[in-house]
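Novice: Dropping a structure here in structure tokens format, bear with me for questions.
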Amino acid sequence: MSGKLVAMRKKSDTRRIVIVAMPGVPLFELAGAAEIFGVDRRDLTPDWYEFELVGTSPETTIGFGMQVPNGRGLDALSDADTIIVPACANIHDGAPTALLEALVREHARGARIVSLCSGAFVLAEAGLLDGRRATTHWMHAEDLARRFPSVTVDPGVLYVHDGVWSSAGSAAAIDLSLELVRRDFGAAIANEVARRVVIPPHRDGGQSQFIRYRPHTASSKDDDVEHWARRNLADVTVTAMARYARVSVRSLNRHFRSRANLSPQEWLRREKLQATQELLESSDLTVDAIALRVGLGSATNLRTHFATEYGVPPGAYRRTFSSHRATDVAPVDIPQAS
């Protein structure tokens, strides 16, 4: 990990993200989050994150024995907007008391607390997951649930937000990181970051993997019912999805629930709302026009669903995120039904 990547930037009004690493922290989840947040992306938005990586002690190492720059150490958490705890070297080793106390203190003042993979054990040990839903790597989920019975552990999802954030292992940590970018800067910026690191732009936290259904005589990429539905949002229904996939509605529902943790109707609703986000950011279409294009029918219906999902009306979302769009981010084309 380069010195440029982990160097602390000059303090400003931009969002500050601190990753705090314990000795022996595995490299993948830490490196993924550092790649998303720690690379200078001010060409996308001038108020990109300030980033700092610190260790819990001067002896903290990662991966192949590389030394973590301790810098201010845990003092760096005191002015962080987001604190990320990556995976643990050993889930059976307790976290340093100073780290646990700092996490409780910073959560109380309003910092956003995030765990990646087995970092959930640290948050649970600090008591920050008590009475909350959380996730971790599926291999550790049973252990987390047994050791911390006050935590509702969901092993079948990519990431969870329930007062604090937690992700499953490996690539799911990157999915969670991109979701934070999406919430902070909007869908267009998050999608561009995903393009730059060559990963899918968005996987919803409730899904465990992409779902593909293939007609018996199919051969093109449109065989993917998800891809087909996204290309036909204006008119697509669950019945039409089942017909396209050549399965019954009951079978489609069973597959979605068992493998995506969502019903087809829930998945379709989220796709329509994500398309709405992108159009609000990248186009001047009216809310009525967007509602027709994404298949939500009317502006009233769109406003109701959008406010329920994101907590703000479409107009407020557009005013917030249109100012963050990068000049080199191409508008997202959400095609009409063919």
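Novice: Could you tell me whether segment 221-228 includes any residue that is at pLDDT below 85 and outside the structural domain of SER263 (by TED's automatic domain parsing)?
Specialist: no
Novice: With the structure loaded, tell me whether ALA141 is modelled with pLDDT of 90 or more and farther than 25 Å from TYR310 by Cβ or whether it fails that test.
Specialist: yes
Novice: Look through segment 63-79, keep the residues that are in a loop (DSSP other than H, G, I, E, B) and surrounded by fewer than 22 Cβ atoms within 10 Å (Cβ to Cβ), and return whichever of them is modelled with the highest pLDDT.
Specialist: Within segment 63-79, the match that is modelled with the highest pLDDT is ARG72.
Novice: Hey, another quick one. Out of curiosity, is LEU252 at pLDDT 90 or above and within 25 Å of VAL157 (Cβ to Cβ)?
Specialist: yes
Novice: Taking the condition on the phi > 0 side of the Ramachandran plot, small (Gly, Ala, Ser) and at pLDDT 90 or above, does GLY311 pass?
Specialist: no
Novice: Of everything in segment 94-124, what is within 21 Å of the chain's Cα centre (by Cα) and either surrounded by fewer than 18 Cβ atoms within 10 Å (Cβ to Cβ) or assigned to a loop (DSSP other than H, G, I, E, B) (or both)? Give them in sequence order.
Specialist: GLY110, ALA111, LEU116
Novice: Is it the case, given these coordinates, that PRO26 is closer than 20 Å to ALA124 by Cα and either at pLDDT below 90 or of a type in the set (S, T, N, Q) (or both)?
Specialist: Yes, satisfied.
Novice: When you scan segment 142-170, how many residues do you find that are within 17 Å of VAL85 (Cβ to Cβ) and either touching a strand residue (DSSP E or B) at 6+ places or on another chain (Cβ under 7 Å) or outside any helix (DSSP H, G or I) (or both)?
Specialist: Adding up the residues that qualify gives 16.
Novice: Is it the case that SER170 is hydroxyl-bearing (Ser, Thr, Tyr), assigned by TED's automatic domain parsing to the domain that holds ALA299 and either modelled with pLDDT under 85 or within 30 Å of PRO26 (Cβ to Cβ) (or both)?
Specialist: No; evaluated as a whole, the condition is false for this residue.
Novice: I've got another one for you. Are any residues in segment 249-303 touching a residue at least 60 places away in the same chain (Cβ under 8 Å), outside any helix (DSSP H, G or I) and either outside the structural domain of VAL236 (by TED's automatic domain parsing) or touching a Gly at 6+ places or on another chain (Cβ under 9 Å) (or both), and if so, which ones?
Specialist: ASN261
Novice: OK, next. Can you spot a residue in segment 52-62 that is outside any loop (DSSP other than H, G, I, E, B), farther than 20 Å from GLU106 by Cβ, charged (D, E, K, R) and at pLDDT below 85?
Specialist: no
The values are calculated or read from the model by the stated rules, or taken from the named source; none is laboratory data. Because the structure is a prediction, the values reported are computed rather than measured. Because the Cβ atoms are built from the backbone with ideal geometry, glycine has one as well, and the counts that use them run over all protein chains shown.
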